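The values are calculated or read from the model by the stated rules, or taken from the named source; none is laboratory data. Keep in mind it's a predicted model, so treat the numbers as computed, not measured. When we count neighbours, we look across all protein chains shown, and the Cβ atoms used for this are built from the backbone with ideal geometry, even at glycine. The protein model used for the area step is the full one, side chains on, heavy atoms only, and it has no ligands, DNA or RNA in it. Shrake-Rupley method; radii C 1.70, N 1.55, O 1.52, S 1.80 Å.
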Amino acid sequence: QSLIQSLREEFQYDKLICVWASMSDKEIAETLHPIAPLCDYIIFTRPDAERSALTEDLVQILPEEYRKGSQKVADVQSALIMAQSIATPNDLICVAGSLYLIGAARKILLGELVS
């Protein structure tokens with residue numbers, strides 16, 4: 001809810017591009033369903049963690065009306081590249097859903113090798 005509130009109140013953007021992953025043992029729908037209406041694109045990916053949900057499963061959990069703007073990408077680096085290729089200077093890229101994803105994205109964005 002905090003992320004949704006921040007996206008609505010603290011940021012200005014034309015389109016929201018979300019890079020999303022989740023662990024399979026979490027309540028995925030409870031976090032994905034509320035943010036989906038805000039996203040113009042959702043790029044599902046899978047960090048290198050044993051419990052990571054499959055991208056195919058994430059798409060199936062996404063309400064059908066939001067699936068058109070979704071993509072499945074095998075790894076975090078490729079998902080970030082895709083998000084950047086879609087984004088224009090007035091768009092916002094949000095990496096969310098899993099702390100494992102955020103950690104992996106942070107390492108990539110800061111130029112560190114992901115182990």
**Fill in**
Restricting attention to the stretch 1-40, the residues that are more than 16 Å from residue 60 (Cα to Cα), in contact with a Leu (Cβ under 9 Å, 6 or more places away or on another chain), outside any loop (DSSP other than H, G, I, E, B) and open to solvent by 10 Å² or more (accessible area, probe 1.4 Å) number exactly 3
**Request:** Output the residues belonging to the stretch 16-50 that are out of contact with any helix residue (DSSP H, G or I) (no Cβ under 8 Å at 6 or more places or on another chain) and among the charged types (D, E, K, R).
**Result:** 25, 26, 27, 30, 50
**Asked** So which residues in the stretch 41-65 are open to solvent by 40 Å² or more (accessible area, probe 1.4 Å) and either touching a His at 6+ places or on another chain (Cβ under 9 Å) or of a type in the set (D, E, K, R) (or both)?
**Response** 46, 48, 50, 51, 56, 57, 61, 64, 65
**Request:** Scan (1) in contact with a Leu (Cβ under 7 Å, 6 or more places away or on another chain); (2) under 20 Å from residue 1 (Cα atoms); (3) among the aliphatic types (A, V, I, L, M); (4) in contact (Cβ under 8 Å) with a residue 60 or more places away in the chain for the single condition residue 105 breaks and write down its number.
**Result:** (2)
**Complete:** Checked pairs for the stretch 64-88, first more than 23 Å from residue 12 (Cα to Cα), second buried (at least 17 other Cβ atoms within 10 Å of the Cβ) and basic (Lys, Arg), C-beta under 8 Å and 6 or more apart or across chains, list as 74/46; 75/46; 76/46
